[in-house]
Amino acid sequence: MDFVFDDHKTDKELLHTVELKNQNCDVFYDKLKFIYIELPKFRKTEKELETHFEKWLYVFRHLSDLQNRPRALQEKIFEKLFEAAEIAQFSPEEKEAYEESLKYYRDMKNVIDTSIEEGRKEGRKEGRKEGRKERSLEIARELKKNKVPVDVIAKTTGLTQEEIGQL
């Protein structure tokens, strides 16, 4: 909030978590909370920031005034926030061009990801096929070594008589 609650003007707390309670003062529903931050009460400078919470409060309080990303906010966690703030300042034409380029990028990424996945499936399929063929050849060699007739070897392994003859 960019204002201070009238009845909390002297209260030093700027973060307020409000829960609904029933007539017995028991929390009515623990998944429903209202969190209010009185930003005017936050007065730390960039050099005084210590915790992530304070850094976020600083961003919320000063984002509209920031021209560059402050040194205290160089962490990766703030990167997307500043990118989004930069995009929010685009003109309608720039936003449209940005959205088009983003759409193109996503389309291309999906095409590439799909191609990679299909290639993997095909590779696994071919690998299994080659593995089965190699196994059939090994079995045929053993059977041929043990003087098993060629027609029995062909029937057993699925190889042609010509393939068996070349072993």
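Numbers for the structure displayed
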{"read-out": "In region 9-56, the residues that are within 19 Å of ALA72 (Cβ to Cβ) and among the polar types (S, T, N, Q)", "value": "THR45, THR51"}
{"read-out": "Region 45-58 residues that are in contact (Cβ under 8 Å) with a residue 24 or more places away in the chain, paired with ones that are of a type in the set (Phe, Trp, Tyr) and not in a helix (DSSP H, G or I) (beta carbon under 6 Å, 6 or more apart)", "value": "LEU57/PHE42"}
{"read-out": "First in region 91-106 and surrounded by 10 or more Cβ atoms within 10 Å (Cβ to Cβ) and modelled with pLDDT under 95, second anywhere and not in a helix (DSSP H, G or I) and not β-branched (Val, Ile, Thr), Cβ under 7 Å, 6 or more apart", "value": "TYR98/PHE90"}
{"read-out": "Any chance ALA72 is touching a residue at least 12 places away in the same chain (Cβ under 8 Å) and surrounded by 10 or more Cβ atoms within 10 Å (Cβ to Cβ)", "value": "yes"}
{"read-out": "Only listed residue being surrounded by 10 or more Cβ atoms within 10 Å (Cβ to Cβ), under 24 Å from ASP11 (Cα atoms) and not basic (Lys, Arg), chosen from PHE34, PHE53, PHE28", "value": "PHE53"}
{"read-out": "Filter result for SER64 (polar (S, T, N, Q) and not assigned by TED's automatic domain parsing to the domain that holds LYS44)", "value": "no"}
{"read-out": "In region 111-161, residue surrounded by the most Cβ atoms within 10 Å (Cβ to Cβ) [restricted to those that are hydroxyl-bearing (Ser, Thr, Tyr) and at pLDDT 85 or above]", "value": "THR157"}
{"read-out": "Residue count, region 1-50 (criterion: in contact with a Leu (Cβ under 9 Å, 6 or more places away or on another chain), modelled with pLDDT of 85 or more and assigned to a loop (DSSP other than H, G, I, E, B))", "value": "9"}
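For every residue, the table says whether it meets (1) within 30 Å of LEU63 (Cβ to Cβ); (2) among the hydroxyl-bearing types (Ser, Thr, Tyr); (3) not assigned by TED's automatic domain parsing to the domain that holds ASP65.
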position: TYR98; (1), (2), (3): yes, yes, yes
position: LYS103; (1), (2), (3): yes, no, yes
position: ILE112; (1), (2), (3): no, no, yes
position: GLU122; (1), (2), (3): no, no, yes
position: GLU130; (1), (2), (3): no, no, yes
position: GLU134; (1), (2), (3): no, no, yes
position: GLU142; (1), (2), (3): no, no, yes
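The values are calculated or read from the model by the stated rules, or taken from the named source; none is laboratory data. Owing to the predicted nature of the structure, the values given are computational and were not obtained by experimental measurement. Neighbour counts run over all protein chains shown; Cβ positions are idealised from the backbone, glycine included.
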